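A.B. asks: My questions all concern the structure below.
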Amino acid sequence: MLDITLFGSTSFSVSGKVLRTEFGQAGRLLACYLFQYSGRSHRRERLMDLFWGDLDPDRARSAFNTAIWRIRKMLDQVQPDGSSILMTFGNDVRLERASFFEVDTQRLECVNPKMITNLKSGCGGVAAEEELCSALDCYTGPFLEGDDGDWVLQERERLHNLYITGNLELMRSCARRCELERALTFGRQILVTDPLRESVQRDVMLLLALTGCPADALISYQRLRSLLKAELGIEPMPDTRQLQEDIVTGNLYCGIDGRLSRHFALTQR
């Protein structure tokens with residue numbers, strides 16, 4: 001099985017052993033593009049312009065053909081005649097999906113929408129949560145970290161949003177069942193990658209307070225306040241300031257069961 005890792009640092013590996021590909025920078029990005037969009041056809045000229053746009057047409061064509069040859073060579077290393085799934089016909093190029101390779105991003109894409117729907121409707125139960133957790137574990141860093149082409153940035157944002165949405169639904173689902181420690185884990189995972197998401201900062205403050213760590217909740221508030229000031233030049237939102245005051249005064253714990261249910265049923269909708 002060929003494992004293609006596009007989250008964080010790019011790698012192509014078999015049984016945990018990273019393959020030596022010698023693609024070069026542009027060739028590596030072409031390979032990533034074809035695997036990310038496997039099952040789709042692409043115009044040859046567009047690919048050459050996307051990855052070798054700084055070269056004259058003849059040199060771009062030569063570099064493109066070399067990269068395609070190297071990708072095919074890698075596929076044949078993994079599966080006899082594996083290169084047959086990478087087809088060029090006329091002006092089109094297409095990498096078919098196959099059972100002998102797996103792309104980490106596609107695992108998240110395939111599972112996430114289905115599981116989110118199940119969680120929102122209350123279907124699937126523990127099995128749905130476990131499947132979604134397993135998919136989210138694939139997210140080990142931003143898509144093609146270190147690269148910054150337009151198509152990379154668009155995919156990075158889209159996949160990041162899938163990751164955030166999955167964690168949000170898991171956090172809410174756990175909180176509504178009063179599994180507060182587990183809900184806190186998902187909230188913290190969001191803030192590792194998106195610390196300026198103030199609604200989740202409130203969620204984490206609330207969960208910290210309710211799990212017996214009000215001091216930590218207040219520390220989180222002060223960190224958020226400093227971060228907002230440094231990054232955006234603004235103060236926390238009124239809802240966040242009110243939550244901080246409720247934690248300080250102890251008003252948070254009045255009718256907490258109803259408040260908890262309403263909060264996690266309504267936030268981030």
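A.B. asks: Report those strands (runs of 3 or more DSSP E) wholly inside segment 80-168 carrying at least 2 residues which are out of contact with any Lys or Arg (no Cβ under 9 Å at 6 or more places or on another chain) and within 22 Å of TYR33 (Cα to Cα).
C.D. replies: 101-103
A.B. asks: Something else now. Suppose we filter segment 11-25 for residues that are open to solvent by 20 Å² or more (accessible area, probe 1.4 Å) and either part of a strand (DSSP E or B) or aliphatic (A, V, I, L, M) (or both); how many remain?
C.D. replies: 5
A.B. asks: Let me ask another. Right, ASP239: in a helix (DSSP H, G or I) and open to solvent by less than 40 Å² (accessible area, probe 1.4 Å) or not?
C.D. replies: no
A.B. asks: Can you tell me which residue within segment 34-55, out of those that are among the hydrophobic types (A, V, I, L, M, F, W, C) and not in a loop (DSSP other than H, G, I, E, B), is nearest to THR10 (Cα to Cα)?
C.D. replies: If we take residues in segment 34-55 being among the hydrophobic types (A, V, I, L, M, F, W, C) and not in a loop (DSSP other than H, G, I, E, B), then PHE35 is nearest to THR10 (Cα to Cα).
A.B. asks: Related question: Would you confirm, using the coordinates I've provided, whether LEU227 is assigned to a helix (DSSP H, G or I), open to solvent by less than 60 Å² (accessible area, probe 1.4 Å) and farther than 24 Å from CYS174 by Cα?
C.D. replies: Criteria met by LEU227.
A.B. asks: In the list ARG177, ARG158, ARG202, ARG197, which residue meets the criterion of being on the phi < 0 side of the Ramachandran plot, exposed (fewer than 14 other Cβ atoms within 10 Å of the Cβ) and modelled with pLDDT of 90 or more?
C.D. replies: ARG158
A.B. asks: Among what's in segment 252-269 and is over 30 Å from the mean Cα position of the chain (by Cα) and surrounded by 12 or more Cβ atoms within 10 Å (Cβ to Cβ), pick the residue that is modelled with the highest pLDDT.
C.D. replies: LEU252
A.B. asks: Answer with yes or no whether ASN167 is within 13 Å of the chain's Cα centre (by Cα) and open to solvent by less than 30 Å² (accessible area, probe 1.4 Å).
C.D. replies: Against the criterion (within 13 Å of the chain's Cα centre (by Cα) and open to solvent by less than 30 Å² (accessible area, probe 1.4 Å)), ASN167 qualifies.
A.B. asks: Considering every residue within segment 232-247, establish whether at least one is modelled with pLDDT of 70 or more and under 26 Å from the mean Cα position of the chain (by Cα).
C.D. replies: Yes.
A.B. asks: Residues ARG70, ARG94, ARG107: which one is modelled with pLDDT of 95 or more and over 20 Å from GLY24 (Cα atoms)?
C.D. replies: Checking each option against the conditions leaves just ARG94.
A.B. asks: Within segment 128-145, can one find any residue that is of a type in the set (Gly, Ala, Ser), open to solvent by less than 20 Å² (accessible area, probe 1.4 Å), over 13 Å from the mean Cα position of the chain (by Cα) and more than 27 Å from PHE12 (Cβ to Cβ)?
C.D. replies: yes
A.B. asks: Pairs under 7 Å by beta carbon, first residue surrounded by 12 or more Cβ atoms within 10 Å (Cβ to Cβ) in segment 49-67, partner modelled with pLDDT of 95 or more and of a type in the set (S, T, N, Q), six or more apart or different chains?
C.D. replies: Taking only residues 6 or more apart or on different chains, not a single pair turns up.
The values are calculated or read from the model by the stated rules, or taken from the named source; none is laboratory data. Computed from a prediction, not measured in an experiment: that's the story for all the values here. Every residue, glycine as well, gets a Cβ built from its backbone with ideal geometry; the counts of neighbours run over all protein chains shown. Just so you know, the surface numbers come from the protein's heavy atoms only, side chains and all, with ligands and any DNA or RNA stripped out. Shrake-Rupley method; radii C 1.70, N 1.55, O 1.52, S 1.80 Å.
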